[in-house]
1. Across every pair of different alpha-carbon atoms, what Kirkwood hydrodynamic radius in Å does the stretch 30-82 reach?
2. Let's see if you can work this out: charge +1 on each Lys and Arg Cβ, -1 on each Asp and Glu Cβ, no other charges. What is the dipole magnitude of the chain about its Cα centre, in debye to the nearest 20?
3. How are the C-alpha pair distances of the chain spread across 10 Å bins, as whole percents from the shortest bin up?
4. In the full protein assembly as shown, how much of residue 12 is accessible to a 1.4 Å probe, in Å² to the nearest 10?
5. Calculate what fraction, in whole %, of the accessible area of the chain sits on carbon and sulfur atoms when a 1.4 Å probe is rolled over the protein chains.
6. Which whole-number value in Å² is the accessible area per residue of the chain, probe 1.4 Å?
7. I want to verify a result. In a Gaussian network model of the chain, Cα cutoff 10 Å, which of these has the top mean-square fluctuation: 35, 24, 80?
8. Give the angle, between 0 and 90 degrees and rounded to the nearest 10, that separates the Cα long axis of helix 12-26 from the longest principal axis of the Cα atoms of the chain.
Amino acid sequence: MMKLLIAVDGSEHAHRAIEAAAALAAQGCALRAQLLHVRELPVVYAEAGVIDWSALDELGRRAQEELLRQAEAQARAAGLTLRPSIGTAGFAS
């Protein structure tokens, strides 16, 4: 069985990667895919005063979960078998 790690970021390239994996599966290739999204730390270019990092982390986590949910829906609609999602990790500690 072929194992694929598909990086998703909401871009057209990510959508095409999911479509390409689905095309392989449709041609009879036994595969299982895992979706991955890595979020970056926010960049602050000026003095921002007091920053609530936990609130920023929560906003980033929600956006990340939505992006992965959309990519998962696209992959499943295309007939891909996905490995269960492992979860997300934040940057606030």
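The values are calculated or read from the model by the stated rules, or taken from the named source; none is laboratory data. Remember, predicted model here, so these are calculated numbers, not experimental data. So basically every Cβ, Gly included, is an ideal-geometry build from the backbone, and we count neighbours across all protein chains shown. Just so you know, the surface numbers come from the protein's heavy atoms only, side chains and all, with ligands and any DNA or RNA stripped out. Shrake-Rupley method; radii C 1.70, N 1.55, O 1.52, S 1.80 Å.
1. One decimal place: 13.4 Å for the Kirkwood radius.
2. 580 debye
3. It works out to 15, 41, 24, 13, 5, 1, in whole percents.
4. Accessible area, nearest 10 Å²: 110 Å².
5. Working: 3670 of 6600 Å².
Of the solvent-accessible surface of the chain, carbon and sulfur hold 56 percent.
6. I get 71 Å² per residue for this part.
7. Looking only at 35, 24, 80, the biggest GNM fluctuation is shown by 24.
8. 30 degrees
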